Amino acid sequence: MNTLLLVTIALVLVIAFVAAAFLKKATRTVEQGQGRADVYDLADSLFSPAERSFFGVLTTITDEETVITTKVRLADVFEIKKGLDRSERQRALNRISAKHVDFLLIRKSDGHPILGIELDDASHQRPERKARDGFVDEVFAAARLPLVHIPAQRTYSAQEIKAALERASATT
């Protein structure tokens, strides 16, 4: 009987130890913000000051058939071509999932993308950003969707922006 009691106590202790370790890990996961929704707050604006200024000008030069969308993920604009094996498809999707274009003009009637716009601030001079921009340029070119790079500024000329967008549209 003493042996049975010792085995029972040992079993209870092992179960308690395993449960405590599991609870500790679950608590640490919650404390790190994984799985919690209360760790988020509303951003002050979707735009940097340069983006807000550009958006204001863009709204004056687009027609009623064009919708301006902002910060659109490339994965929402481009599809992965059929015929790739599963790992190639996943790699291709991973390369575009975390990237976005600053502005995307789309046709109001059917949502078809017309033209992408990137505002290039000083960060676009860094080597890793140049590599990212080169890849994004290649994706747009491969899909035959124009992409215009506009230097970020405090203010913009509506005529200059309109001319740049018309030039880009004409080349595709």
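Taking the range 112-154, which residues are of a type in the set (A, V, I, L, M, F, W, C), within 19 Å of the chain's Cα centre (by Cα) and over 16 Å from Phe78 (Cα atoms)?
Listed by number, the residues that qualify are Leu119, Ala131, Val148.
Give the residue that is surrounded by the fewest Cβ atoms within 10 Å (Cβ to Cβ), with candidates limited to residues of the range 118-159 that are in contact (Cβ under 8 Å) with a residue 40 or more places away in the chain and closer than 13 Å to Lys99 by Cβ.
Phe135
Give the residues of the range 38-57 that are outside any loop (DSSP other than H, G, I, E, B) and touching a helix residue (DSSP H, G or I) at 6+ places or on another chain (Cβ under 7 Å), sorted by residue number.
Correct list: Val57 only.
Quick test of your reading of the structure: Ser109 fulfils all but one of (1) buried (at least 17 other Cβ atoms within 10 Å of the Cβ); (2) of a type outside the set (Asp, Glu); (3) modelled with pLDDT of 95 or more. Name the failing condition by number.
Unmet for Ser109, out of (1) buried (at least 17 other Cβ atoms within 10 Å of the Cβ); (2) of a type outside the set (Asp, Glu); (3) modelled with pLDDT of 95 or more: (1).
The values are calculated or read from the model by the stated rules, or taken from the named source; none is laboratory data. Predicted model only: the values in this text are computed from it and were never measured. Cβ sites come from the backbone with ideal geometry, for glycine too, and all protein chains shown count toward neighbours.
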